[in-house]
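Engineer: I'd like to ask you about the structure that follows.
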Amino acid sequence: MTDPSSVLDRMIRKFERRAPLDNGDRKALRTLPHRVQTIEPGMYVVRDGETPTRSCLIVEGFAYRHKVTVEGARQIVSVHIPGDFIDLDGALLNVSDHNVQALSRCEIAFFPRAAMQQLILDHPRVAMAMWVDTLIDGSIFREWVVNVGRRDARSRIAHLLCEFARRLEVAGLAHEYRYELPMTQEQLADATGLTPVHVNRTLQTLAREGLIERNRRFVAIPRWEALRKVAGFSETYLHLDQVKSNGSPPTQ
């Protein structure tokens, strides 16, 4: 189990990349009540239609957000990595309107809804950091809509692989465009609006072209600029400039 203090430090570092915090903000975050729980792959963290009682931070592992149609078809709308809050909505909204499931074995930190609400009221800089975090999530959602609605299969898969490379690199989980991607072809299909067969063929095509290399759950991108061109990938929507501009907390 992850050390509790490291969970809180990770959360503070996350928010310091979103807004300038002072010592009072950091102290409030360090004393925020929480518990860390291990979640196995496939287990639900958030369920559509439930009343939220907590907000959730991924400490280790990967999770995915999805919606399900009345016919039972699933659309994955985002994938989340260590350091991501996956349910800041739960601090304010009264009903969950989507599902979140563990993609791999996860450690999740759960923060009570009432404590999060009081934190927002008492610490406006923390509230701003949360706001920026949800705005960046919204920007990523919009890009995923474009990906599913307007790009061809080859570009869709390439775009997704480029996004994961950059996000994981910023999180310190990728090096030279090499990273772990614990998604099945069925899950990639549900994220891109394709069939698993189409995903498999597209991955094979990208590999034959020398644009990607795959070894089970690991992906390498030996020709980054070439794959980026295929994807039409621009990282503007990830707002990595927000990380750079707010990366160093102010001195108190």
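The values are calculated or read from the model by the stated rules, or taken from the named source; none is laboratory data. What you see is a predicted model; the values in this text were computed from it and never measured. Don't worry about glycine lacking a Cβ; one is built from the backbone with ideal geometry, like all the others, and counts go over all protein chains shown.
Engineer: Any idea which of (1) touching a strand residue (DSSP E or B) at 6+ places or on another chain (Cβ under 6 Å); (2) closer than 15 Å to VAL46 by Cα is the one ASP89 doesn't satisfy?
Structural biologist: Exception for ASP89: condition (1).
Engineer: Right, next: Among the residues of the stretch 230-252, how many are modelled with pLDDT of 95 or more, exposed (fewer than 15 other Cβ atoms within 10 Å of the Cβ) and closer than 20 Å to HIS175 by Cα?
Structural biologist: Selection size over the stretch 230-252: 1.
Engineer: Something else now. Can you list residue pairs whose Cβ atoms sit under 8 Å apart, with the first residue in the stretch 211-233 being without any contact (Cβ under 8 Å) to a residue 40 or more places away in the chain and the second being of a type outside the set (S, T, N, Q) and part of a helix (DSSP H, G or I)? Count only pairs 6 or more apart in sequence or on different chains.
Structural biologist: GLU213/ALA207; ARG214/LEU203; ARG214/ALA207
Engineer: Identify, please: which residue in the stretch 126-153 is surrounded by fewer than 17 Cβ atoms within 10 Å (Cβ to Cβ) and among the basic types (Lys, Arg) and is, among those, nearest to the chain's Cα centre (by Cα)?
Structural biologist: ARG142
Engineer: Out of the residues in the stretch 190-204 that are surrounded by 15 or more Cβ atoms within 10 Å (Cβ to Cβ) and either among the hydroxyl-bearing types (Ser, Thr, Tyr) or touching a His at 6+ places or on another chain (Cβ under 8 Å) (or both), which is nearest to TRP144 (Cα to Cα)?
Structural biologist: Ranking the qualifying residues of the stretch 190-204, first place goes to THR192.
Engineer: What are the pairs, 6+ residues apart or on separate chains, where a residue within the stretch 58-82 that is not assigned by TED's automatic domain parsing to the domain that holds ALA191 has its Cβ under 6 Å from a residue that is among the aromatic types (Phe, Trp, Tyr) and assigned to a strand (DSSP E or B)?
Structural biologist: Within 6 Å, the pairs are ILE76/TYR64; VAL79/TYR64.
Engineer: Among the residues in the stretch 213-224, are any β-branched (Val, Ile, Thr) and more than 24 Å from PRO82 (Cβ to Cβ)?
Structural biologist: Residues of the stretch 213-224 β-branched (Val, Ile, Thr): 219, 221.
Now narrow it down to the ones that are more than 24 Å from PRO82 (Cβ to Cβ): none.
No: the stretch 213-224 contains no residue that is β-branched (Val, Ile, Thr) and more than 24 Å from PRO82 (Cβ to Cβ).
Engineer: Scan the stretch 85-100 residue by residue and report those that are of a type outside the set (A, V, I, L, M) and without any contact (Cβ under 8 Å) to a residue 60 or more places away in the chain. Steps first, please.
Structural biologist: Pass one, the stretch 85-100, residues of a type outside the set (A, V, I, L, M): 85, 87, 89-90, 94, 96-99.
If the condition is that a residue be of a type outside the set (A, V, I, L, M) and without any contact (Cβ under 8 Å) to a residue 60 or more places away in the chain, then ASP87, ASP89, GLY90, ASN94, SER96, ASP97, HIS98, ASN99 are the ones that fit.
Engineer: Looking only at the stretch 16-35, decide whether some residue is more than 24 Å from LEU121 (Cβ to Cβ) and either at pLDDT below 95 or more than 18 Å from the chain's Cα centre (by Cα) (or both). Explain how you work it out, then say what you get.
Structural biologist: Taking the stretch 16-35 and keeping what is more than 24 Å from LEU121 (Cβ to Cβ), we get none.
Within the stretch 16-35, not a single residue is more than 24 Å from LEU121 (Cβ to Cβ) and either at pLDDT below 95 or more than 18 Å from the chain's Cα centre (by Cα) (or both).
Engineer: Also, I was wondering about something else. Being in contact with a strand residue (DSSP E or B) (Cβ under 7 Å, 6 or more places away or on another chain), within 15 Å of GLU163 (Cβ to Cβ) and not in a helix (DSSP H, G or I) is the filter here; which residues of the stretch 179-216 pass it?
Structural biologist: Within the stretch 179-216, TYR179, GLU180, LEU181, ILE212 meet the criteria.
Engineer: I'm checking my understanding of the structure. Among residues of the stretch 178-189 that are closer than 15 Å to ARG214 by Cβ and without any contact (Cβ under 8 Å) to a residue 40 or more places away in the chain, which one is surrounded by the most Cβ atoms within 10 Å (Cβ to Cβ)?
Structural biologist: Selected residue: LEU188.
Engineer: Quick check on my filter: what residues within the stretch 72-90 are over 23 Å from LEU238 (Cβ atoms) and either surrounded by fewer than 21 Cβ atoms within 10 Å (Cβ to Cβ) or among the aliphatic types (A, V, I, L, M) (or both)? Write out each step before concluding.
Structural biologist: So in the stretch 72-90, the residues over 23 Å from LEU238 (Cβ atoms) come out as 72-74, 90.
Scanning the stretch 72-90 gives GLY72, ALA73, ARG74.
Here's the yes/no breakdown for (1) polar (S, T, N, Q); (2) in contact with a Pro (Cβ under 8 Å, 6 or more places away or on another chain); (3) in the same structural domain as GLU16 (by TED's automatic domain parsing):
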residue	(1), (2), (3)
ARG150	no, no, no
ARG167	no, no, no
ALA171	no, yes, no
GLN185	yes, yes, no
LEU194	no, no, no
VAL197	no, no, no
ARG214	no, no, no
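Engineer: In addition: I'd like to check which strands (runs of 3 or more DSSP E) are fully inside the stretch 35-131 and have at least 1 residues that are under 18 Å from ARG13 (Cβ atoms) and touching a Ser or Thr at 6+ places or on another chain (Cβ under 7 Å). Write out each step before concluding.
Structural biologist: Details: elements: 35-39, 44-46, 54-60, 63-68, 74-80, 99-102, 106-112.
Once the strands (runs of 3 or more DSSP E) in the stretch 35-131 are filtered for at least 1 residues that are under 18 Å from ARG13 (Cβ atoms) and touching a Ser or Thr at 6+ places or on another chain (Cβ under 7 Å), what remains is 35-39, 54-60, 106-112.
Engineer: Let me ask another. For the stretch 167-177, what are the residues that are crowded, with 16+ Cβ neighbours inside 10 Å and not in a helix (DSSP H, G or I)?
Structural biologist: Of the residues in the stretch 167-177, the ones crowded, with 16+ Cβ neighbours inside 10 Å are 167-170, 174, 177.
ALA174, TYR177, listed by residue number.
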